[in-house]
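Input: a single structure, listed below in C-alpha cells.
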Amino acid sequence: MAQNNQGYGMQPPQQTMGRDPQVHPQHQQQMTTVVVNQPGVMTNPLLVGHVHGTREWTTGLCDCGSDVGNCFYVFCCYCCAISSIAARLGENCCTTCCVPAAEIGIRTRIRTLGAIRGDMCHDCMIIACCTYCAACQESRELNAMGL
C-alpha cells in the first residue's frame with residue numbers, strides 16, 4: 001500500500017472499464033409523465049348530434065294562429081313555402097318539386113338538427129295527414145332555431 005504525506009494508507013486507483021467516473025447512477029434524471037385528462041369514452045368525430053331527440057317542438061302542430069303571416073303564406077302558396085324551408089336548410093329550393101316525399105326528409109332533418117323527439121314514421125304520418133300545418137310548424141321551428 002502506498003502512503004500519503006500524513007502516513008495513512010491509500011488504496012491504489014482502480015481502473016473503470018467503459019464507465020465515466022463522474023457519472024453516478026443514483027443521480028440520473030427520471031422522466032415523469034403527468035396525465036392531464038383521463039382516457040374517456042371514444043366518440044365518433046363524424047357524429048355531430050345525438051341520435052335521439054331530447055326536446056319537443058317549440059310550437060304545436062295546430063298552433064298556426066300564433067304566426068298568421070306564415071300560416072297565410074303556407075296555405076296560399078304551399079310550393080313556395082316548402083321550397084323556402086328547404087332553402088333555409090341549405091337544400092336546393094327545387095328539391096321539393098323534383099323529389100317525391102321530400103317533405104318527409106325536410107321534417108326529419110329539422111327534427112334531427114333541433115334534437116327534437118320523434119321518428120320518421122311519425123314524420124310521414126304528419127306530412128300525409130296535416131301537410132299544411134306541418135309546413136307551418138317547420139317554418140316556426142326554423143325561426144326559433146335561428147335558421
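Once R0 is set to 41 Å, what does the formula 1/(1 + (r/R0)^6) return for the Cβ-Cβ distance between A144 and C98, expressed as a FRET efficiency to the nearest 0.05?
Computed FRET efficiency for A144 and C98 comes out at 0.90.
How would you order 133-141, 113-121 from highest to lowest mean count of nearby Cβ atoms within 10 Å?
133-141, 113-121
Given points 7 Å out from each Cα along the Cα-Cβ axis, report the D63 to C80 separation in nanometres with one decimal.
In this crude label model, D63 to C80 measures out at 2.6 nm.
Let a ≥ b ≥ c be the square roots of the eigenvalues of the Cα gyration tensor of the stretch 64-145; is it rounded (a/c under 1.5), or, if not, prolate (a/b larger than b/c) or oblate?
Because its axes are fairly even, with a/c under 1.5, the stretch 64-145 counts as rounded.
What is the extension gain from Y132 to V34, computed as 0.36 nm multiplied by their sequence separation minus the C-alpha to C-alpha distance, in nm to one decimal?
29.3 nm
Short version: ³J(HN,Hα) in whole Hz for each residue of the stretch 96-111, in order, from phi by Karplus 6.51 cos²θ - 1.76 cosθ + 1.60 (θ = phi - 60°), x for Gly and Pro, what are they?
Couplings: 5, 7, 9, 9, x, 6, 5, 4, 5, x, 5, 4, 5, 5, 4, 4 Hz.
Any idea how far apart L113 and H52 come out in nm if each label point goes 7 Å out from Cα toward Cβ?
Between L113 and H52, the label points sit 2.5 nm apart.
A short reminder: the numbers here are calculations on the coordinates, not readings from a lab. Since this is a predicted model, take the numbers as computed values, not measurements. Note: ideal-geometry Cβ built from the backbone for every residue, glycine included; neighbour counts use all protein chains shown.
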